[in-house]
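Input: a single structure, listed below in structure tokens.
Quick note: the coordinates plus some simple rules give every number you see, no bench work behind them. Fair warning: this is a prediction, and the values are worked out from it, not measured in the lab. For neighbour counting, all protein chains shown are included, and Cβ atoms are generated from backbone atoms with ideal geometry for every residue, glycine included.
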Amino acid sequence: MLRKNRIFTPGPTPLLPAAQFAEASFTAHHRTADFRNLFTRVLADMKEFIGTRNDVLVLACSGTGVMEASVSNLTSPGDKILVLTAGKFGERWSGLGKAFGCQVDTLSVPYGQTFSLDEVRSRLTPDIRAVYVQATESSTGVRHDVKGISKLVRAQGDDTLLVVDAITGLGTTHLDVDGWGVDLIIGGSQKALMIPPGLAYCAVSERAWQRMESSKSPRYYFDLRKERKSAAKGETAYTPATSLFAALGAALEYIRQMGNGNLEAGREDLVNNAELAAEMTRTAAQALGLKLFAPQSPSGAVTAIEAPAGVDSGAIVKEFRNTFNAVVANGQGEMKGQLFRMAHIGYYDYLDTIGILAALEQVLAQVTGKPVEFGAGVRAAQEVFARQPETAGAVR
């Protein structure tokens, strides 16, 4: 049987063919007019993709690089920060804060859950210099209430900044960055933007730029002020990933065409597509008798599903790979072996969703050794799709 390799992980995600072609064919030197034109256009388009009027920077690094930059640029040693954590990536904020000498106050809830706003409010004191949180915690499939958290932080005044890791959130979640008052939001190229890893980006508020002038933490490559100064001239402070910028330009154009020439509308369609695929997947999993790991606040980026009783989720991941050459993600950290994760990010459509759910039925029959009602999950997903008033948001 022919087996095509397919990725259903929270990142890297399936690549957009037009972006692959653009990346392979781009050869311009980064200190030329050709690259400056591309760079300037991409930065302008990135503002529309994020949905912000704030300055946007794109750096050659992983998303964790800009996470680090958001700590080193906005804090000084001894500053008190509040970290909201409910998974492996929330825990990364704690590690970064400690690495730069911050006093880290951590509000932690069990994996699979999210914070109540009352809990957040009780930890917000006037001496908190910054709050760090995920929009979606991809290790558990949880969505956090960024709007509600933003409202609480903004009530503290301008001395408290809000930083949001939306690496899997942008393009899968409706976010009003400026309206909610998010000071720094972070994304990555290998997620909803449908291109390979290697670029990370952020939108930075004026409050955050002002903080950088007084913060004392060391920084060099990740000095965002240098990048802002260079970007104003159509350049990067250091050597950019030129071919990835070409791929990014192609991806943004694809999203614009999803919106019939309107990039903002295309972004909304991209988010709606992810939300629909996620709802289809959750409904199918439950129809097959599986339990959702984050049923109360599920994300549109990735669905975390508990392994059946007595089954190691690693066996499910292995069976997907061996039988279908499909890659789904195991649980991370303490959840390894207990859950598996299926993403719905970026270049991922209805047929991808139906295909992975049909494969899931076959995998369950194999690893559990129990009868599975073939078609039950697929049918439940199709019924979700059929109830939609329109399918204009589908990736195509």
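Extending 7 Å from Cα along the Cβ direction at Thr368 and again at Asp178 yields two label points whose distance is 5.0 nm. If you take the square roots of the eigenvalues of the alpha-carbon gyration tensor of the chain and sort them as a ≥ b ≥ c, do you get rounded (a/c under 1.5), prolate (a/b over b/c) or oblate? Oblate shape, in that a/c is at least 1.5 and b/c is the bigger or equal ratio.
Taking the average, over residues, of other Cβ atoms within 10 Å as the packing measure, peptides 168-176, 235-243, 142-150 rank 168-176, 142-150, 235-243 from highest down.
The aspartates and glutamates within cross-link reach of Lys147, meaning a Cα-to-Cα straight distance under 18 Å and a gap of 8 or more places when in the same chain, are Asp118, Glu119, Glu137, Asp158, Asp165, Asp176, Asp178, Asp183, Glu268, Glu275.
Helical content alone sets the calculated 222 nm signal of the chain at -13000 deg cm²/dmol, taking -39,500 (n - 2.57) per DSSP H segment of four or more residues and averaging over every residue.
Can you give me the C-alpha center-to-center distance between the range 78-98 and the range 275-325, rounded to a whole angstrom? Here the two parts' Cα centres lie 28 Å apart. Packing, taken as the mean count of other beta carbons within 10 Å per residue, orders the peptides 352-359, 281-288 from highest to lowest as 281-288, 352-359.
Answer rounded, prolate or oblate for the range 63-214, using the Cα gyration tensor with square roots of eigenvalues a ≥ b ≥ c: rounded when a/c is under 1.5, else prolate when a/b is larger than b/c, else oblate. Show your work: numbers first, answer last.
Working: a/c = 1.36, a/b = 1.17, b/c = 1.16.
Verdict is rounded for the range 63-214.
Could you pull out the pairs from Lys88/Lys318; Lys47/Lys229; Lys88/Lys336; Lys47/Lys151; Lys4/Lys88 whose alpha carbons sit more than 20 Å apart here? Those over the limit are Lys88/Lys318; Lys47/Lys151; Lys4/Lys88. For Lys233, the aspartates and glutamates whose Cα comes closer than 14 Å to its Cα, not counting residues fewer than 8 places off in the same chain, are Asp34, Asp55. For the range 104-148 versus the range 194-269, the spacing of their alpha-carbon centroids is 25 Å.
Note down the relative contact order for the range 17-258 as a percent, whole number, built from C-alpha pairs under 8 angstrom at least six residues apart.
Working: 463 pairs, mean separation 74.9, N = 242.
The normalised contact order for the range 17-258 reaches 31 percent.
Model label sites at Leu351 and Ala155, defined 7 Å from Cα along the beta-carbon direction, differ in position by 5.0 nm.
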